[in-house]
Every structure is written in C-alpha cells, then in structure tokens.
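Visitor: The structure under discussion is supplied below as structure tokens; questions concerning it will follow.
Read-outs throughout are calculated quantities, based only on the coordinates presented, and are distinct from any laboratory measurement. These figures come from a predicted structure and were not determined experimentally. Glycine gets a Cβ as well: all are built from the backbone with ideal geometry, and neighbour counts include every protein chain shown.
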Amino acid sequence: MKDAFLVSMEAQKAHYSYEDWEQAAKAVLAPDAFGYIQSGAGAEETLSKNELSFRRYSIVPRYLRNVSEFDYSIELFGDTLPYPVLLAPVGMQGIAHPEGDLASARAAGKTQVGYVASTVSSFSLEDIARSNSIGVNWFQLYWSNDRNLTLSMVKRAERAGYKAIVVTVDTVTLGWRETDLKNKYSPLRLGYGKANYVQDSYFQRMINVMDFEQVDIEIAKQINHPSLSWEDLVWLKEHTSLPIVLKGILHEDDAKLAVEKGFDGIIVSNHGGRQLDGCGSALSALPGIVKVVPANFPVLLDSGIRRGADIVKAVALGADAVLVGRPYVYGLAVAGEKGVKDVIETLLQEFKVSATLAGARNMEELKSIRLMLGDFV
Ligand SMILES: Cc1cc2nc3c(=O)[nH]c(=O)nc-3n(C[C@H](O)[C@H](O)[C@H](O)COP(=O)(O)O)c2cc1C
C-alpha cells in the first residue's frame, strides 16, 4: 500500500488546469471559505465576463521565426522580473491554509514572480516581506478613513522593503457578495484580515481607548471609505517615496487622470468580478486605456487570467504584465507553498509555450502579436 504522502503527491500532479485546482480546493475547503474565494458579486455577470472575454480574441500566430531563444523579462520600478507575472493581492489567505500569505509569498519568490501583499492579509506585512526576502514585494493599500492609519501602514511598507504601493480604488465599499451573505460568512469578522491592523502602533493607540472586542468592528469602519477621492491619493503621493499604482481602473478618463496627476502605473481590473457586478471585463477595457496613456506608462491587468494563452492575449492587447488571483489561492488551499509553486510553474510553462508558438521572442514582439476579435465559439 502507498503511504498517504505519496498518494497525495500523485494526486497533486494530476492538477494541471485551473479547473483541476479549483475542484481540488473545493474538496479540501469548508464550503463557506471556498465560496468566499470562488464567488463574485451580485449575479456574477462580471465574473463570467472576465473569463469569457479572453475567448473573444484569437491569437494570429507567426511562424518560421526561430523562436529557440526568448526573453520575456520586464522591468517595473527598477526591478527585473523574468516573466510579466505577479500574484494579485488576496486578503484573508488564512482561510485557505494555516501558512496563508507567508506560503504564497515564499512561492512567489522562488518562482520569481512579483508578490502583492494585501492590507487585509492574515500575517503582517513585515512577516510577509521576511518570508519573501528574495523576491519583489509590493504592498496593496486599502484606504483607512483615518489618514494617519493609512500613512502608518505605508511607512511600515517602506521600512519593510516594499517596492510599490498599490492603492485599490474599486473597493470604497464592499461589493454585494451574495454567496457570503447566504453563508453569513465574513473572514474579516472572524479575524483573518486583521494582522496589519493589530500590529500597527497607530491602530494600537486607537483601540487602546476601546474595548478590545471592538477591533474587528473598527477595522470594518476604517476600510469602508466611500469618500476616497483624487485629493486623498495626491496627498498620499506627497507623503511617500514609493511609486503608487492604482488598482481597479476601468475608464479611459480615470487612466488619463492617473497619468496627469503623476501616479506611476495602473492595474486594469474589476477585482475578479467581486466588486461592481455588471461592469465589463478588465480585458475589454484594456485596449481603450492603452490608447490614452503614454507608451512608457505601466499598465497591468488582472481579472480572469487562467492560462498561459491568456497572458499572451493580455500583453498583445497592451498590458505590460498581468496579476493572477484565484488560481494561486486554490494551489495554496490544496498544498500550501508547494501548491502555489505548482500553479505558478504550470502557468509560466504554458505561457512560454504559448508565446513561442505565437512567434514572439520578447515582450516587444508579444505586444505586436495580432489578435482577431469576434472568432467566438
Ligand atoms: C479571495 C480573494 C481576496 C481578495 N482580496 C483582495 C484584497 O485584499 N485587495 C485587493 O486589492 N484585491 C483583492 N482581491 C482581488 C485580486 O487582487 C484580483 O483583482 C482578482 O482576484 C483577479 O481576478 P482573478 O481571481 O480572476 O485572477 C481578492 C480576490 C480574491 C479571489
């Protein structure tokens, strides 16, 4: 009889596609935790658009170009990444695996993809940075209504060696998450997203005057920030030396404002269909946005990246890099750090195969790959 470890290793090897990992994660997670990760907002119209949008575009490959050597590296804010891939900020990772963000960040470092740590991570930003001391870390900021708390976290990120601040602009209030409402499930209220708050000296001073049980309620109050505006972001810019990337941009005019106001990059994203249901896919917003920003202005994309060919399509439509969300969280749920590593390695392998088969040897050639629209099955 095979021992349990061998059996589980063999089972893990069977997970190649996103769908395999999703099913395996569903099998190991409690239904409410899986529902939190998998679901989208409202009727999940946007969630399904994200994935379907990639199929609207067909790659028109070029052949006979000697693709035996390639280099898909990119430079972002002074760091070189061998592939145009980062792990998207995902909060509450403790619901997927006890090692949560620490395991994901380590896997990111070992596979040389960038790691974006969430404000509502299950471990503090300092612990995450230590866990991925070999890699490139960015810090995703959820605005706090108290500017001093916002700034305190940004300063901690600077001290911990983060290379950029990613301000998420599409979550001024939480999306209408029907699955979580049905399940009466809030990982924030269960304490999975509080590490950065409880370890913040400013926040500690705030809650000292309160009953300790008020911590989760206070976090929820800080994080719900409908008043967020460009003035706040301009203020932040004046208070940090780090580049600021705006995550959640879908409108050309907002992209133009980001450039005009001196921000350093944007992530075209609809939060994986978890915020405004009914908005379009991130991919469909990308070409219009790329047109209105300068060529050297970093434009990244997330929401719906599942396969290597999706990365090719996103870059061909003008993205400088992509971020991946749910796929790595499923890997984390199934096998911790190893699962995340497997997911990333598979994705990168498939990306290399797709890029070379499309006839592109570098990012410039990838950007000029022709896509045909409307060949929809
Ligand atoms: C479980 C989960 C938690 C997330 N938490 C955050 C977060 O804390 N901050 C944030 O900016 N985005 C968060 N996101 C959105 C991701 O950063 C990313 O935009 C999205 O997952 C990309 O879509 P994909 O899952 O289709 O790849 C989360 C997504 C998921 C699935």
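Visitor: So what is the 222 nm mean residue ellipticity for the chain from helices alone, if each DSSP H run of at least 4 adds -39500 (n - 2.57) and you divide by all residues, rounding to the nearest 500 deg cm²/dmol? Walk me through the numbers before you get to the answer.
Guide: On the way: 17 runs with 175 residues, N = 377.
Computed mean residue ellipticity for the chain: -14000 deg cm²/dmol.
Visitor: With Cβ to Cβ distances under 9 Å as the rule, what net charge do the other residues near Ile369 carry (K, R +1; D, E -1)?
Guide: Numbers: positive: Arg62, Lys313, Lys367, Arg370; negative: Glu365.
Around Ile369, the surrounding residues sum to +3.
Visitor: Please enumerate, by chain and number, the lysines with C-alpha under 21 Å from the C-alpha of Lys313, excluding those fewer than 8 residues away in the same chain.
Guide: Those lysines meeting the cut-off are Lys49, Lys247, Lys291, Lys352, Lys367.
Visitor: DSSP beta bridges in the chain, what fraction antiparallel, as a percent rounded to 5? Write out the running numbers ahead of the final one.
Guide: Values: 7 of 32 bridges.
About 20 percent, rounded to the nearest 5.
Visitor: Fully extended, how many nm does the chain gain between Glu252 and Ala220 (0.36 nm per residue separation, minus their Cα-Cα distance)?
Guide: Details: separation 32, 0.36 × 32 = 11.52 nm, distance 3.07 nm.
Taking Glu252 through Ala220 to full extension adds about 8.4 nm, to one decimal.
Visitor: When a/c reaches 1.5 or more, the comparison of a/b and b/c decides; with that in mind, is segment 1-140 rounded, prolate or oblate per its Cα gyration tensor?
Guide: Numbers: a/c = 1.32, a/b = 1.16, b/c = 1.14.
Cα axes put segment 1-140 in the rounded bin.
Visitor: Next up: Can you compute the FRET efficiency between Asn296 and Ser73 using 1/(1 + (r/R0)^6), with r the Cβ-Cβ distance and R0 = 22 Å? Round to the nearest 0.05. Show your work: numbers first, answer last.
Guide: On the way: r = 16 Å, r/R0 = 0.74.
Computed FRET efficiency for Asn296 and Ser73 comes out at 0.85.
Visitor: Between rounded, prolate and oblate, where does segment 177-300 land on the alpha carbon gyration tensor, with a ≥ b ≥ c its root eigenvalues, rounded for a/c under 1.5, else prolate if a/b exceeds b/c? Spell out each step's value before the answer.
Guide: Values: a/c = 3.03, a/b = 1.50, b/c = 2.02.
It comes out oblate by the Cα gyration axes.
Visitor: Would you please classify the overall shape of the chain from the alpha carbon gyration tensor, given that a ≥ b ≥ c denote the square roots of the eigenvalues, rounded means a/c under 1.5, and beyond that prolate means a/b larger than b/c while oblate covers the rest? Mind dumping the intermediate values first?
Guide: Working: a/c = 1.57, a/b = 1.21, b/c = 1.29.
Verdict is oblate for the chain.
Visitor: Gain in length, Lys184 to Glu238, computed as 0.36 nm per residue apart minus the alpha-carbon separation, to one decimal in nm? Write down the numbers at each step before the final one.
Guide: On the way: separation 54, 0.36 × 54 = 19.44 nm, distance 4.03 nm.
That pair, Lys184 and Glu238, stretches by 15.4 nm at full extension.
Visitor: GNM, the chain, Cα, under 10 Å: largest mean-square fluctuation among Asn196, Asn224, Asn296?
Guide: Highest fluctuation among the options: Asn296.
Visitor: Here is a further query. As an exercise, use a Förster radius of 35 Å and the Cβ-Cβ distance of Thr80 and Glu260 to find the FRET efficiency, rounded to the nearest 0.05.
Guide: Details: r = 28 Å, r/R0 = 0.81.
Efficiency, from the Cβ-Cβ distance: 0.80.
Visitor: For Ser241, Ser73, Ser53, Ser303, what's the fewest-to-most ordering of other Cβ within 10 Å of each Cβ? Could the numbers behind the result be given before it?
Guide: Working: Ser241 6, Ser73 13, Ser53 20, Ser303 31.
So the residues, fewest neighbours to most, are Ser241, Ser73, Ser53, Ser303.
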